[in-house]
Amino acid sequence: MMPSRDVVRDLLPLYAAGEASADTVRLVEQAMAADPVLAAEADAFRRADPGAVPGVSPSQDRDRAALARIRSVVRLRSLLMGFAIFLTLMPFSFLYGEGQLKLFALRDAPGMAIPALVGGGVCWVAYAMLGRRLARG
């Protein structure tokens with residue numbers, strides 16, 4: 001019993017992408033041999049760009065490239081968070097010297113505290129922007 005034309009049409013994207021099993025390939029090729037309309041549709045699928053054909057996943061190379069980009073953005077985001085936390089908390093650290101405990105930046109080194117806070121703010125903004133970029137895809 002031959003499957004209906006609609007069933008074979010549902011299988012065409014997998015067949016055209018080369019992702020169908022051997023049994024499915026055999027079934028689609030039998031249907032195409034019996035129906036020239038299906039053969040023409042299959043030929044159109046084969047010539048089309050796989051990214052533009054509905055139901056066909058992108059190639060593994062594109063998947064790997066996308067995964068590599070996501071990994072690099074996540075890695076950069078992690079580094080930015082570490083720097084942001086460090087630079088934000090640095091002005092509130094304590095320094096022990098000359099027999100006494102000193103508040104590092106607020107009183108004793110404002111020339112270092114202000115750039116650290118500004119750098120921390122820049123890191124937090126970049127961290128948030130990368131988060132939005134990841135959320136958009």
message: Just to confirm a number: summing +1 for Lys and Arg and -1 for Asp and Glu over residues other than Arg71 whose beta-carbon lies under 13 angstrom from that of Arg71, what do you get?
response: +3
message: Suppose the chain between Arg132 and Met112 were pulled fully straight at 0.36 nm per residue; how much longer would it get relative to their current alpha carbon spacing?
response: 4.1 nm
- prompt: So what's the net charge close to Asp6: Lys and Arg +1, Asp and Glu -1, counting the other residues with Cβ under 13 Å from its Cβ?
  reply: -1
- prompt: Any idea how far apart Val25 and Arg62 come out in nm if each label point goes 7 Å out from Cα toward Cβ?
  reply: 2.2 nm
- line: Here the gain from full extension of Gln100 to Thr88, 0.36 nm per residue of separation minus their alpha-carbon distance, amounts to 2.0 nm
message: Order these by the 10 Å Cβ neighbour count, fewest first: Phe86, Phe94.
response: Phe94, Phe86
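Coordinate-derived values only; no laboratory data. Just so you know, these numbers come straight off a predicted model, no measurement behind them. Quick reminder, even Gly has a Cβ in these numbers, built from the backbone with ideal geometry, and neighbours come from all protein chains shown.
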